[in-house]
Structure formats: C-alpha cells, structure tokens
1. Kindly indicate whether any position in region 5-18 is in a loop (DSSP other than H, G, I, E, B) and on the phi > 0 side of the Ramachandran plot.
2. Quick check, is residue 63 under 30 Å from residue 2 (Cβ atoms), part of a helix (DSSP H, G or I), modelled with pLDDT of 85 or more and in contact with a helix residue (DSSP H, G or I) (Cβ under 9 Å, 6 or more places away or on another chain)?
3. Residue check: is residue 69 out of contact with any strand residue (DSSP E or B) (no Cβ under 6 Å at 6 or more places or on another chain), modelled with pLDDT under 85 and part of a loop (DSSP other than H, G, I, E, B)?
C-alpha cells in the first residue's frame, strides 16, 4: 500500500519475471535430478524408493526456499 500504482501501460508479467521464473525452475529441476542420480548411484540401483523420496524432499525444500526468499525480497522492497 506504500508503493505508487503500476503505470497502466506496464505489463503485469514482464520479460524479467518470465526469465527469472524459467531460470529458477531449471535450476530446481537440475538440482533435483542430480540429487536423484547421486542417490541412485550410491545405492547401486537396488531400490528406487529411497532416491525418489530424497529427491522429492529436496525439491520441496528448494521450492519452499524460493517462496520464502521471494516473500522476503518483496518485504524488503516495500520497506524502502
């Protein structure tokens, strides 16, 4: 409520926002895949339940961190 309104000609979804979302999503997917492959190699392919569980848990943590950092960034920007 402290910020001035957005100019009407400015789009809601900017090129920067799209680029950032794609970049962060690719990093999250790559990190999850690498964790899954590492865990799968560590167990020598005997059982895939544990690598799936570990990779899913890490992906959830990455997404949670992304949301919290975005909220914190927004809060800091509004405090200026």
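The values are calculated or read from the model by the stated rules, or taken from the named source; none is laboratory data. Keep in mind that this is a model prediction, so the values were computed, not measured. Cβ: placed from backbone, ideal geometry, glycine included. Neighbour counts: every protein chain shown.
1. Here is the first cut: in region 5-18, the ones in a loop (DSSP other than H, G, I, E, B) are 5-14.
With the extra rule that they be on the phi > 0 side of the Ramachandran plot, the set shrinks to none.
Within region 5-18, none of the residues are in a loop (DSSP other than H, G, I, E, B) and on the phi > 0 side of the Ramachandran plot.
2. Working: under 30 Å from residue 2 (Cβ atoms): yes; part of a helix (DSSP H, G or I): yes; modelled with pLDDT of 85 or more: yes; in contact with a helix residue (DSSP H, G or I) (Cβ under 9 Å, 6 or more places away or on another chain): yes.
So residue 63 passes the test.
3. Numbers: out of contact with any strand residue (DSSP E or B) (no Cβ under 6 Å at 6 or more places or on another chain): yes; modelled with pLDDT under 85: yes; part of a loop (DSSP other than H, G, I, E, B): no.
For residue 69, the condition - out of contact with any strand residue (DSSP E or B) (no Cβ under 6 Å at 6 or more places or on another chain), modelled with pLDDT under 85 and part of a loop (DSSP other than H, G, I, E, B) - is not met.
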